[in-house]
Amino acid sequence: MRIKYILVFVMPVILLQACSTTKHVVQNTEEELPQQPELKSAHVGVCVYDETANIFLYKYQSDKYFTPASNTKLFSLYAGLKYLGDSLIGIRYLERDTDILILPTGDPTLLHPDYLSQPVIDFLKSKKRNIYINDANWKDRALGAGWSWDDYNDDYSQERNALPVYGNTIRWAQTQQDDGSFISFSIPEINWKVNFNVDTSAKKFFVRRSLGENIFEITQGTEKYKEQYVPFVTHSIESAVELLKDTVGKNIFITHPPLTIHHSPFTILHSRPVDSVFVPMMHRSDNFFAEQTLLMVSNEKLGVMNDEKITDTLLKTDLKDLPQKPEWADGSGLSRFNLFTPEDFVWLLGKLKSEFGFDRMKRILPTGGTGTLGNRYKQDSGYIFAKTGSLSGVATLSGYLITKKNHVLIFSILVNNYSASGALVRNDFEKFIGNLRKEY
């Protein structure tokens, strides 16, 4: 890729300053990426910053707003790195004469199948007292603002709450027995209503939950083994308490007096290192981890779990110098209410690298051939570290690129409203990134 540019003004300043002004612009005259056939009718924004040379290599509609999809998780990652410390707070608790009062923190790893170690569960099992749980710090809704309502049955759209368990999903499975018959089961086992539907024409195992209720309909399939993860209705923390009773093996009650994390001398019980959540959050683009991360930050910084309050607070404090003020609606990027610019992501990635170190960012973000980049950038493995984003008509990629000349580029590509194949659009991204790596 040949890039013609005019350097208007350069100062020996750090990225955070350079991104906040248009005086440090390198203007591109060929605009190869937006002119690709798959992108001609789409909305395209690109920003590429050479941190080593302290210049912008490429800007195309970089100050325009786009729906970023899962690139939004980069902002949730920053919030988590900034305010959740080295280890997640699993619960806050207060031991009293005859019972234990629990104040949940939104930790998404409680009984999550990815984590064999469960310090909170071990602690609760060890206590010979009744357990009371108070969720007065929950001040949000189960589903995020701007989410598609009909995604409720899909495993990427779990409800959010103050006390998530099992990732707020039920794992349903069907297996064929030796006699040829089929059995269906759930993990964890539930006492909720289940209806069975034998549809011989479908031949595929499928589970659908009723909208707003924990009633599940199972259609039997012909597969020897098949499983499906289905989100359950949390009813605030009622469903969690019901599932916890069987696991902990003792009485658990919900109590509702108004409390805050500063109300009483609560003791903190940590669950696990934060990066054990941040890595899968970015590598597999885990929406649930991202949502709960932002809510946990809200709880630690504000004493309540509320998306709107914490995003407003962060945009007025830590993120007040963003080039363009975004519309930040949720933690995962499921919401189409999110609006960010490519310059916003380049600025944030510079801030992440500056505050938390490049080595840590390279561990948290997937590289070529791993995570959501598993089928791409294999020649650039170890040289690109980036977050993907996808919704219908939306493809995004923002991250870091180490070039052949050992320059560190920070880039963001945001594409909205394309109608071509998503694979072809991603091919265009990969060619553009490959040329950047080779040329610089």
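Read-outs: derived from the displayed coordinates by stated rules, not from any lab. Here the structure is a predicted model, which means the values were calculated and not measured. Every residue, glycine among them, receives a Cβ derived from its backbone with ideal geometry; neighbour counts consider all protein chains shown.
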Applying a 10 Å radius around every beta-carbon, put 36-47, 313-324, 377-388, 174-185 in order of their mean neighbour count, most first. 377-388, 36-47, 313-324, 174-185
Please check which bits of region 138-179 a label hung off Val194 would reach, taking the label as a point 7 Å along Cα-to-C-beta and the cut-off as backbone N under 12 Å. 170-175
Can you list the residues, at least 5 places off or on another chain, whose amide H is less than 5 Å from the amide H of Arg272, using H built in the peptide plane? Leu88
Over all pairs of different Cα atoms in region 89-273, the reciprocal of the mean inverse distance gives a Kirkwood radius in Å of 18.0 Å
Using a cut-off of 17 Å between alpha-carbon atoms, which aspartates and glutamates can reach Lys139, once sequence neighbours fewer than 8 places away in the same chain are excluded? Asp107, Glu159, Glu238, Glu291, Glu300, Asp307, Glu308, Asp312, Asp330
Would you mind listing how long the chain runs along its three principal axes, going by Cα atoms, in whole Å with the largest first? 71, 60, 32
Calculate one ³J(HN,Hα) per residue across region 34-50 by plugging θ = phi - 60° into the Karplus curve 6.51 cos²θ - 1.76 cosθ + 1.60, and present them in order as whole Hz with x for glycine and proline. x, 8, 5, x, 5, 10, 4, 9, 8, 9, 10, x, 9, 9, 10, 10, 8
Label-point gap, in nm, between Ser117 and Arg363 - each point 7 angstrom along Cα→Cβ: 1.4 nm
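On full extension of the chain, what length is gained from Gln379 through Asp63, given 0.36 nm per residue of separation minus the C-alpha to C-alpha distance?
Stretched fully, the Gln379-Asp63 segment lengthens by 110.7 nm.
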7 Å from Cα along Cα→Cβ at both Ser126 and Ala173: what's the point-to-point distance in nm? 3.0 nm
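With +1 on each Lys and Arg Cβ and -1 on each Asp and Glu Cβ, how big is the dipole of the chain about its Cα centre, in debye rounded to the nearest 20?
Working: 49 positive and 51 negative charges, 195 e Å.
Charge dipole, the chain, about its Cα centre: 940 debye, nearest 20.
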Within region 276-308, backbone nitrogen closer than 14 Å to the virtual label 7 Å beyond the Cα of His270 toward Cβ: 276-277
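Report relative contact order for the chain in percent, whole number only (criteria: Cα-Cα under 8 Å, sequence separation at least 6).
That works out to 24 percent.
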Separation in nanometres of the label points that stand 7 Å from Cα toward Cβ, at Asp155 and Asp99: 3.7 nm
Using only alpha carbon pairs under 8 Å that are at least six residues apart, calculate the relative contact order of region 263-392 and give it in whole percent. 21 percent
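Is any helix in the chain, taking whole DSSP H runs, at least 24 angstrom long along its axis by alpha carbon and on average at least -1.0 on the Kyte-Doolittle scale, and which ones?
On the way: long enough: 422-439 (26 Å, -0.63).
What comes out of the filter, once short or polar helices are dropped, is 422-439.
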Past the 32 Å Cα-Cα mark, which pairs from Lys203/Lys362; Lys125/Lys309; Lys59/Lys353? Lys203/Lys362; Lys125/Lys309
